[in-house]
Amino acid sequence: MPSNKSVSDAPITQFINCRILRDHMLKGEDLWVREGKILDPEKLFFDEQGFADKRVDCDGSIIAPGFIDVQINGGFGIDFSRPSEDIGVGLSLVSKKILEHGVTSFCPTLVTSPPAVYHKVLPQIKVQNGGPNGAGVLGFHLEGPYISMEKKGAHPEQYLRTFRSRGIEDLMETYGSLEDVSMVTLAPELADSQSVVKELCQRGITVSLGHSMANLSQAEDAVQHGASFITHLFNAMLPFHHRDPGIVGLLTSDQIPAGRTVFYGMIADGIHTNPAALRIAHRAHPSGLVLVTDAITAMGLPPGRHTLGQQVIEIQGLHAYVAGTKTLSGSIATMDMCVRHFKQASGCSIEEALEAASLHPAQLLGITNRKGNLDYGSDADLVLLNDDLNIISTYISGEEVWKKGA
Amino acid sequence: MKLIILNDYDQASEWAAKYIRNKIFQFNPGPNKYFTLGLPTGSTPLGCYKKLIEYYKNGELSFQYVKTFNMDEYVGLPRDHPESYHSFMWNNLFRHVDIRAENTHILDGNAADLRAECDAFEEKIKAAGGIELFVGGIGPDGHIAFNEPGSSLVSRTRVKTLAKDTIMANARFFDGDLSKVPTMALTVGVGTVMDAKEVMILITGAHKAFALYKAIEEGVNHMWTVSAFQQHPQSVFVCDEDATLELRVKTVKYFKGMMHVHNRLVEPLPSEPKKN
């Protein structure tokens, strides 16, 4: 962390009249930012005799770390998994639009696809910082193809794969490169998966368990090999059974290595997870809850009929149906909606609701040294919210990138 | 000397804060005319600082043209240690108001040459034109700043070894571990405070009652260093009822009878100063 001692001429912004989320509490403190990072004002005062060049009156609003969405398949008519000549354009659109939902960085997620799609899409998108043009890309979340046939959900069956006794080699052939990948979802019951989990973790990639028939001991084994996340808890896994709670049992397992936390993704849109199930998970393991949108192409589109690829879908409120049916075609809730719904459904505090969309995903990805908190030295990725948790404005690296009504 | 007796701590704090506010306002400070304010640390002034912050936030008070000089600081304690007086001033006053760092002065207990640091502090006070109003608290043994019993009443800013009692009392701020408690401090002298144009001493709580009695009803004595201010031309003691417990009825009645006069000093300001 650079010290304030290295005196900088860069302008300093002081957010005043705000409550900031720090150390799990909302505190009536000012927030200071210089060069895109959160500044320790006491050091500035005593070491540099410095002061703010600009003051932003927040009018009593809450400042939270920018939201991090580790599972988003697309939105606003864009599907990251559909290969096109210029994926970058679609990704730019999504990354720009999610700013208004408080998301400042995300993991674009690809569902099970043929190797050709990975080879085409992955090289086009690089890990990149956010800015006025959109939320930052933390790296891909590759959900599949190493998942269970029985729990494939909406993933295309013909592209599912096993490791074919070749482990990481097969995975590398499928994906082509892991350079800009931050997370892989796989089913731990697949033969050879443990060595793959270990190998991926060694390369700094987060392994998530999901779309799986795994029993608890298989899941625990994967965690002991390094897996640390559960993809959309309750969805696409064995339902909780008291004699074998399956992957869900990881929430209260006593086989988690000391000092480690298993996180779990939760689609808190009020549709994909019953509020009672959401409460069960939250009360059992509050510190592991990570809000994800798992948003699909239709997120952010207005109500009515839309043609998306081969499908016609109909949006009614928060539901996206395959047109003419009552079949859900995926989540269209935005991150800020999920935060509000989670708070309302779980009865948790404002702090907890905000941390589930910021601190927890950052802990999961191991990036708390720069994201997911408002500690000194962290990136000044911020959301300003009112007490109903509606977004007022969004900042990336201390720069306003979206403002309500602007 | 004025003795101001208020019902309780909160009222005493508010009175003191209003007094400071009015003094700064009446001084009419500006870019070429800074108000110089001496400041204490400890639990006694906390309520007063809270009020000053409130006045700043209401637009009744600005520290833009105020220079502050703190009374003391521990030797060898890291500046960002939560118990350092730098941390105290930052957390309880400076961070909340519009004061510029360059206008605040706190002795550096980590200076390579402590003697030179103390001399420089005296020079800085002089360069600022002396202290307009020095605010202080006292210990139960009647010490002002770290001028413990027996300190010279003409002392200047210097290094002091802390009394055993003070070290023991401070242990509660250092995990109850005596070995962690600083044993030395830099402090302004009694003479340094005496040089201020005006001195205001805050004394609250029954445990300070004997010290208040020694301060004002007995003679000047270096074993109760605060008693030196009997010889100051313009001193104000602000206390609560509890602190008067050891005083004579006559003393208390006399000063209470003056309250209607003294309260004029803290009346609302004649006109609303412009918000900074």
A:Ser182: open to solvent by 20 Å² or more (accessible area, probe 1.4 Å), at pLDDT 95 or above and not in a loop (DSSP other than H, G, I, E, B), yes or no?
-> no
Restricting the stretch B:99-112 to residues that are over 18 Å from the mean Cα position of the chain (by Cα) and facing chain A (nearest Cβ under 9 Å), which is surrounded by the fewest Cβ atoms within 10 Å (Cβ to Cβ)?
-> B:Glu102
Starting from the stretch B:207-220, take each residue that is modelled with pLDDT of 95 or more and part of a helix (DSSP H, G or I) and list its partners that are open to solvent by 30 Å² or more (accessible area, probe 1.4 Å) and among the aromatic types (Phe, Trp, Tyr), counting only C-beta distances under 8 angstrom and pairs at least six apart or across chains.
-> B:Ala211/B:Trp224; B:Lys214/B:Trp224; B:Ala215/B:Trp224
Consider A:Arg22 against the criteria (1) open to solvent by 40 Å² or more (accessible area, probe 1.4 Å); (2) on the phi < 0 side of the Ramachandran plot; (3) touching a residue at least 12 places away in the same chain (Cβ under 8 Å): it satisfies all of them except one. Which criterion is unmet?
-> (1)
Could you grab me the full set of residues in the stretch B:12-34 that are in contact with a strand residue (DSSP E or B) (Cβ under 6 Å, 6 or more places away or on another chain) and of a type in the set (Ser, Thr, Tyr)?
-> B:Tyr34
Return the residue satisfying two criteria in turn: it lies in the stretch A:8-42 and is assigned to a strand (DSSP E or B) and more than 20 Å from A:Ser397 (Cβ to Cβ), and of such residues it is nearest to the other protein chains (Cβ to nearest Cβ).
-> A:Lys27
Could you please find all residues in the stretch A:95-117 being at pLDDT below 95, assigned to a helix (DSSP H, G or I) and in contact with a strand residue (DSSP E or B) (Cβ under 9 Å, 6 or more places away or on another chain)?
-> A:Val117
Matching residues in the stretch B:11-45 - criterion: being among the hydroxyl-bearing types (Ser, Thr, Tyr) and within 22 Å of B:Val188 (Cα to Cα) = B:Tyr34, B:Thr36, B:Thr41, B:Ser43, B:Thr44
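Condition check ((1) open to solvent by less than 40 Å² (accessible area, probe 1.4 Å); (2) of a type in the set (Phe, Trp, Tyr); (3) within 14 Å of chain A (Cβ to nearest Cβ)) across all residues:
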position: B:Leu114; (1), (2), (3): yes, no, no
position: B:Gly137; (1), (2), (3): yes, no, no
position: B:Phe146; (1), (2), (3): yes, yes, no
position: B:Lys160; (1), (2), (3): no, no, no
Of the residues in the stretch A:139-170, those that are at negative phi and either β-branched (Val, Ile, Thr) or open to solvent by 70 Å² or more (accessible area, probe 1.4 Å) (or both) come to A:Ile147, A:Met149, A:Glu150, A:Ala154, A:Glu157, A:Gln158, A:Tyr159, A:Thr162, A:Arg166, A:Ile168, A:Glu169
Would you check which residues across the stretch A:115-138 are within 22 Å of A:Leu200 (Cα to Cα), surrounded by 16 or more Cβ atoms within 10 Å (Cβ to Cβ) and either in contact (Cβ under 8 Å) with a residue 60 or more places away in the chain or not assigned by TED's automatic domain parsing to the domain that holds A:Lys96 (or both) and list them?
-> A:Leu138
Kindly check whether there is at least one residue in the stretch B:231-241 that is surrounded by 17 or more Cβ atoms within 10 Å (Cβ to Cβ) and closer than 16 Å to B:Ser152 by Cα.
-> yes
Kindly list the number of the only condition in (1) assigned to a helix (DSSP H, G or I); (2) of a type in the set (A, V, I, L, M, F, W, C); (3) within 28 Å of B:Glu83 (Cα to Cα) that fails for B:Phe229.
-> (3)
Name every residue in the stretch A:43-80 that is among the aliphatic types (A, V, I, L, M), within 14 Å of chain B (Cβ to nearest Cβ) and open to solvent by 10 Å² or more (accessible area, probe 1.4 Å), in order of residue number.
-> A:Ala52
Mind checking which residues of the stretch B:85-98 are more than 19 Å from B:Ala120 (Cβ to Cβ), open to solvent by less than 30 Å² (accessible area, probe 1.4 Å) and at the interface with another protein chain (Cβ under 8 Å from one of its Cβ atoms)?
-> B:Ser87, B:Trp90, B:Phe94
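A quick yes/no check of all residues on (1) at pLDDT below 95; (2) on the phi < 0 side of the Ramachandran plot; (3) under 20 Å from the mean Cα position of the chain (by Cα); (4) open to solvent by less than 40 Å² (accessible area, probe 1.4 Å):
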residue	(1), (2), (3), (4)
A:His225	no, yes, no, no
A:Thr231	no, yes, yes, yes
A:Pro239	yes, yes, no, no
A:Arg243	yes, yes, no, no
A:Thr261	no, yes, yes, no
A:Arg283	no, yes, no, no
A:Val292	no, yes, yes, yes
A:Ala295	yes, yes, yes, yes
Could you tell me whether B:Glu218 is surrounded by fewer than 17 Cβ atoms within 10 Å (Cβ to Cβ) and of a type in the set (Asp, Glu)?
-> yes
Looking at the stretch B:9-18, is at least one residue within 14 Å of another protein chain (Cβ to nearest Cβ), over 18 Å from B:Ile131 (Cα atoms), modelled with pLDDT of 95 or more and open to solvent by 10 Å² or more (accessible area, probe 1.4 Å)?
-> no
Which condition breaks for B:Leu3 when tested against (1) buried (at least 24 other Cβ atoms within 10 Å of the Cβ); (2) within 14 Å of chain A (Cβ to nearest Cβ)?
-> (2)
Considering every residue within the stretch A:291-299, establish whether at least one is assigned to a helix (DSSP H, G or I) and in contact with a helix residue (DSSP H, G or I) (Cβ under 6 Å, 6 or more places away or on another chain).
-> no
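The values are calculated or read from the model by the stated rules, or taken from the named source; none is laboratory data. As the structure is a computational prediction, the values presented were derived from the model and not from experiment. Here Cβ is always computed from backbone atoms with ideal geometry, including for glycine, and neighbour counts include all displayed protein chains. When the accessible area is computed, the model is the full protein with side chains, heavy atoms only, and any ligands, DNA or RNA have been set aside. Shrake-Rupley method; radii C 1.70, N 1.55, O 1.52, S 1.80 Å.
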